[in-house]
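A short write-up of the structure that comes next.
All of the numbers you see were taken from the coordinates with simple rules; none came from a lab. These numbers come from a predicted model, not from an experiment. Cβ coordinates were reconstructed from backbone atoms using ideal geometry, including for glycine residues, and neighbour counts include every protein chain displayed.
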């Protein structure tokens with residue numbers, strides 16, 4: 001494949017790789033007994049044209065942390081990590097959209113999962129995406145068991161009570177209560193930041209960073225620390241921009257209903273800081289994310305991560 | 001601890017061990033950031049006085065497959081496997097009881113999770129139990145990474161689209177359709193059988209069975225095959241008796257509403273075979289489960305498994 005020259009091309013190329021991998025994995029892991037209607041419900045949300053930002057971060061961090069700079073192949077472990085992250089992300093969207101949760105009927109420009117398949121199936125399809133994420137890692141990274149365990153641990157922790165799911169509970173509880181800036185940041189570090197940070201860390205782990213032994217272990221630890229800081233700042237920048245876009249974009253641009261957060265009394269960055277203040281805060285987080293990349297610069301892989309981060313903050317949907 | 005002399009004592013002793021382990025693990029894995037209300041919702045259902053049958057099967061199969069017969073300590077890996085299985089089982093109950101699913105308001109003699117904490121929290125608490133199950137394995141079995149990966153794979157596969165969740169979809173789709181005996185057995189092999197079989201297999205894996213290398217690998221493979229067959233037959237016996245009890249017991253005996261299956265047109269063994277026919281089918285499955293234990297007999301550990309199986313079929317709630 002030709003090397004991508006823009007971040008959009010890079011996202012499209014990595015997205016296509018991960019999609020192809022996920023389609024194959026879904027077929028492998030669900031044969032022969034999985035009910036067709038369940039697979040249909042899973043595929044409907046998983047292949048709905050998401051940006052594949054998290055898988056792209058896994059693969060870009062994997063490339064940035066690899067020893068052999070020139071190889072462009074994508075190792076199976078990095079693909080498994082990318083696919084597992086996207087399964088967890090998609091599961092969270094399907095459950096978030098349920099009537100008992102955010103009660104949304106539009107996602108990625110299409111009716112939400114429960115609108116098409118019913119609530120019971122949407123619950124079960126989301127549940128199945130979680131087990132499939134961990135099965136993917138345990139199956140496709142099994143030749144490197146220590147790595148598989150490290151990936152499984154990162155993912156479960158980032159998705160669970162101290163990560164994404166915990167953040168969703170705080171978000172729910174925080175509706176119609178006035179949060180401070182610090183509380184809002186704390187909530188989002190869990191709700192969106194944990195999975196974005198885990199994407200970066202899992203990519204680095206697949207490249208051997210943080211393995212903690214042998215020559216260059218120190219450098220490896222530094223790389224893992226760098227992508228962790230990069231991911232944490234990028235995660236916040238992503239969420240702040242998400243809040244800004246929710247206020248300033250049309251449903252057509254976003255593929256989902258907009259302006260709902262403010263209407264239901266949710267705490268958002270624009271509400272706390274104003275639109276300009278929120279944009280400034282996102283820019284500060286972007287600068288901090290870019291600063292965390294100094295151990296990679298100047299390299300094509302480091303540049304790629306920087307371009308991805310800028311894209312996240314400058315995107316229009 | 002004194003050796004238990006009855007199956008009830010054994011269940012109580014293993015249940016107490018697993019409960020203590022799970023309480024400690026929950027504290028460890030959710031510190032410091034998990035929202036207290038989420039932990040409350042998880043604990044409410046996890047420590048609701050379940051029979052702990054699946055963890056007991058993990059530990060009993062672990063004891064039956066161990067090389068060193070006389071030691072009575074419980075290895076941490078077996079406890080982690082038992083705890084993870086119970087988290088997955090409890091998650092399935094919480095989501096099953098949701099209004100969009102079976103819409104139950106009574107479970108283990110208490111109001112169901114969503115009745116106490118609301119639907120959104122019940123969805124999230126169930127989700128969190130899944131991620132915690134995999135985090136438990138990745139954290140507490142990490143010193144034996146190949147075992148951790150094998151356990152994670154067993155659990156994810158047994159819980160997912162070709163196992164429990166797939167079976168729930170078939171069960172839902174099968175309501176008000178007439179299933180054949182073979183279809184009903186196929187459904188239950190997935191819905192309840194997969195997790196019960198996985199309990200037995202995970203216990204055996206923790207004892208080193210199926211590791212596939214070194215002296216005695218052949219014997220190990222035989223043991224794994226034996227507990228797999230034992231678990232599969234026991235799982236069916238368990239489900240048939242569950243159906244029988246749903247028709248013949250009071251809500252007070254069962255801790256949940258009874259007679260609902262027939263009322264909603266669900267396919268059950270008593271409907272297909274009559275009560276006597278269903279009891280006979282359960283007995284046949286029990287006999288097949290006991291026959292699968294011949295490679296262990298005569299040993300205390302093999303006897304223990306046999307007693308557990310008889311208890312499952314002869315229970316009154």
- So what is the relative contact order for the stretch A:185-317, in percent, with contacts set as C-alpha pairs under 8 Å and at least six apart? 26
- Message: On the principal axes of its Cα set, how long, how wide and how thick is the stretch B:228-317? Give whole Å, largest value first.
- Response: 44, 26, 20
- Message: Could you tell me how far the Cα centroid of the stretch A:86-113 sits from the Cα centroid of the stretch B:140-156, in Å?
- Response: 31
- Query: For the stretch B:7-314, what is the Kirkwood hydrodynamic radius in Å, using each pair of distinct C-alpha atoms?
  - Reply: 19.7
- Theoretical FRET efficiency, 1/(1+(r/R0)^6), r = Cβ-Cβ of residue B:314 and residue B:250, R0 30 Å, to 0.05: 0.95
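I'd like the FRET efficiency for residue B:40 and residue B:176, computed as 1/(1 + (r/R0)^6) with the beta carbon distance as r and R0 of 41 Å, rounded to 0.05. Don't jump to the answer; show the numbers that get you there.
Details: r = 37 Å, r/R0 = 0.91.
Once rounded, the FRET efficiency stands at 0.65.
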- Query: Å³ per residue of the Cα convex hull, for the protein assembly as shown?
  - Reply: 150
- Note on the structure: Under the helix-only model (-39500 (n - 2.57) for each DSSP H run of 4 or more, divided by the residues of chain B), the mean residue ellipticity at 222 nm, to 500 deg cm²/dmol, is -22500 deg cm²/dmol
- Extending each Cα 7 Å along its Cβ direction at residue B:294 and residue A:16, get the distance between those two points in nm, one decimal. 5.8
- Message: Can you give the log10 of the normalised intensity I(q)/I(0) at q = 0.08, 0.13, 0.15, 0.20 Å⁻¹, computed with Debye over equal Cα scatterers of the stretch A:1-160?
- Response: -0.24, -0.63, -0.82, -1.32
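With the contact rule set at Cα under 8 Å and sequence spacing of 6 or more, what percent relative contact order holds for chain A? Please report the intermediate quantities before stating the final value.
On the way: 449 pairs, mean separation 62.0, N = 317.
Over chain A, the number comes to 20 percent.
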- Task: Determine, for B:188, B:95, the number of other Cβ atoms within 10 Å of each Cβ, and report the residues in order from fewest to most.
- Result: B:188, B:95
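Within 10 Å of each Cβ in A:115-128, how many Cβ atoms from other chains are there, averaged over the peptide?
Details: counts 0, 0, 0, 2, 5, 11, 6, 1, 10, 12, 3, 6, 13, 10.
That average works out to 6.
If you take each beta carbon of peptide A:78-85 and count the beta carbons of other chains within 10 angstrom, what is the mean?
0
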- Residue-averaged beta-carbon neighbours from other chains (10 angstrom radius) around B:132-142: 6
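Report the Stokes-Einstein translational diffusion coefficient (µm² s⁻¹, integer) for the stretch A:94-194, Rh taken as the Kirkwood radius over Cα pairs, at 4 °C with viscosity 1.567 mPa s. Each step should come with its number before you reach the end.
Working: Rh = 15.4 Å.
Diffusion coefficient, whole number: 84 µm²/s.
When B:256, B:51 are ordered from fewest to most other Cβ atoms inside 10 Å of their Cβ, what list results? List each step's numbers first, then the result.
Values: B:256 21, B:51 14.
Arranged by neighbour count, lowest to highest, B:256, B:51 become B:51, B:256.
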- Query: Could you put A:135, A:40 in order, starting from the residue whose Cβ has the fewest other Cβ atoms within 10 Å?
  - Reply: A:40, A:135
